[in-house]
Every structure is written in C-alpha cells, then in structure tokens.
Amino acid sequence: MTEMTGRPAAFPATTANSGARPRQPLLYEALYLNARSELLEGIDACRTSIRTENLNPYYLVCTQGSIFSHYLWLWMLEYTAGADINELANGFGLVADEFVRWNELNIRFRIFLREKFKDRGDTDLAVSAVDFNNRIEYQEAIHLISIAILLHDHRSIRRIIAAMQNRHEDALYEQLIADYVSDPQDGMDEVVFDKPYATLVEPYFQEEKGIALWHVNDYVNKWYRFQDGARWYNAHKKIENDRAFYYGYWVFEAGATSYLLDLDDSCINHRMYPKDLVAYAREEWTAP
C-alpha cells in the first residue's frame, strides 16, 4: 500500500496556477489548496495511526474507513477544481483500492468477533463495512459506484460490487449495477431512504425517455436538501480563513442514470450535475 508523504501516486497534481477552471464557482484557489492539504494530512494521520498504534480490529476498520472517505473527497475536490477527466480516471483506482481494503479489514473484524463471542452463536461474515442504513455511508457508496460507471472503470466496478456485499437491500444500488452483475435485481423499486432516492429509481421503470429525464432532473433539484449531516453539507457557508470542508456538491448517481438509460441530458443545467463526466462516459462508450 502506498505510503502517503505527499500527493497520492496517480492523482492529478495540484490544479493551482494550472489555468484549470473550477467546475463549481464556489471553489477558489486558497480554499482548494487548504482543503487539499487537510485531506492529505488526514490520510497521513490515519496511515500513521494504523502503522504505529497497534489498533484493535474495530478501530482499525474505522480508521481505514476514514482513509477511504478522505480519498473519495480528494477525488471529488480535484474534479471540482477542474482537473482533467483522463487524469482523474487514472487516479480513481486508488479510491477503489482503499474502499476494498476497508471491507477486507471489516471481514477480519467479523472473524475476530466470531472467535471472541463463539459461545453466543455464529457471527455473519457477509456484513459489509458500508452501513446502508447510515445515510452518509450510503451516499458515499452510491457516489463511488456511480463515478466508476461514468469512468468506465470496469475493474473498479467489479471490485466495489464484490467488496460491498450490500445486495438486495436498495433499489437504486441494484439499478446502477444491473448491467455489471450476473444476477441483476432490476425489478426492485424499494430504497433504504425514500427521500430523495426513490425519485432516481423512477427513471428505470419509465418507457418514455422524456418522463425518465424529468425524474432525473427532479432528483437533481431536490438532492442537496437531504444531505444534512454530511461533513461537507453547507460547507460553503462556513468558510473561515479560506478553510472549509468543501469538496464540491455533485449528483454523480444522476449522471450515471442518464448515461445508463441513454437520456438526453442537454436540458439539465444544474451546477451539481456532472454533465462533462456524463459526456466523457458516452464518448468512451462510442470510441473505436
């Protein structure tokens, strides 16, 4: 596993002074540089803790989960800052690696529990590190698989699905991965969190693309209000000394839905909708 002493290998170099234009106007150079530095410091601190503190299995899982989240936020920050999508595609595998590692350590933790409490019955090992009943963890997982789909990173898609194990729990997740599994559950329509995610399941059951697109657009417009509790929620209103937990606000799953259903998203102009990433997915799909 790569030791973090600076920027992570294969991630884009800082976009500061590169002429890159942020994809969201809320981000400016000093805010970007501070957010980036703090994310890298957070990753370093977690790695140091894992390496030197002999953490018990529970805290080891939690610390690795934090590393994954920091990598995901870092990828989002670079995307928001205007980094080239091809460079971002090359770096996304690192995010998936940390996610897989988190789930591998969770299995070890479950084995530890099975041995420690074997007199109380068997411990289910097929329990993902991702708790779909935790809205924040659920949203991060949906972001993760959606980005992988838009980047055509099939290796990461396979690894994420295999690691997650959260099958047959949530309709949006099942719809997103339906083309990538041998046992698709594309008839599911129940979601863990009805608001706003049920809105994005609707397009998958529409025969008319215009109606499907309407639901996608409706989801884009209502998504943010339900994200209260996330570390980054309303971060743009809490900037102090050019510092905030702002990495960009994105509805990657809406973009993945538009791509998977081949919807004409030209009418969606919301700044949280990753239109250029959807265009990239389409270009990669049609490239010879």
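Every read-out reported here was derived from the displayed coordinates using simple, explicitly stated rules and does not represent laboratory data. Just so we're clear, the structure is a prediction, and the values are computed from it rather than from any experiment. In this analysis, Cβ positions are derived from the backbone assuming ideal geometry, glycine residues included, and neighbour counts consider all displayed protein chains.
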Cβ-defined net charge surrounding LEU55, 13 Å radius [Lys, Arg +1; Asp, Glu -1]: +2
If you stretched the chain out fully between LYS209 and HIS236, how much longer would it get, using 0.36 nm times the residue separation minus the C-alpha to C-alpha distance? 6.3 nm
Hey, what did the chain get for relative contact order, percent, Cα under 8 Å, at least 6 apart? 18 percent
Per the 1/(1 + (r/R0)^6) rule, R0 = 25 Å and r from the Cβ atoms of LYS275 and TYR180, FRET efficiency to 0.05 is 0.65
Would you work out the charge dipole size for the chain about its Cα centre, treating the Cβ of every Lys and Arg as +1 and the Cβ of every Asp and Glu as -1, and quote it to the nearest 20 debye? 920 debye
For the range 29-286, what class follows from the C-alpha gyration tensor (a ≥ b ≥ c being the square roots of its eigenvalues): rounded when a/c is under 1.5, otherwise prolate if a/b is larger than b/c, else oblate? oblate
For the range 95-214, what does the convex hull of the Cα positions come to per residue, in cubic angstrom? 121 Å³
So, in nm, how far is label CYS267 from label ASN54 when the simple model puts each one 7 Å beyond its Cα toward the Cβ? 6.4 nm
Spin-label point model (7 Å from Cα, Cβ direction): what's the ALA20 to ASP218 distance in nm? 3.6 nm
What number comes out for the charge environment of LEU27, summing +1 per Lys or Arg and -1 per Asp or Glu over other residues with Cβ under 12 Å away? +1
With the dipole of the range 29-286 defined by +1 on each Lys or Arg Cβ and -1 on each Asp or Glu Cβ, the option from GLY248, GLY65, ILE142 whose Cα lies farthest towards the positive pole is GLY65
Lysine-lysine proximity count for the chain, Cα under 24 Å, sequence distance 8 or more or distinct chains: 9
At 0.36 nm per residue, and after removing the present C-alpha to C-alpha distance, how many nm does the segment from ARG225 to HIS154 gain when stretched out fully? 22.4 nm
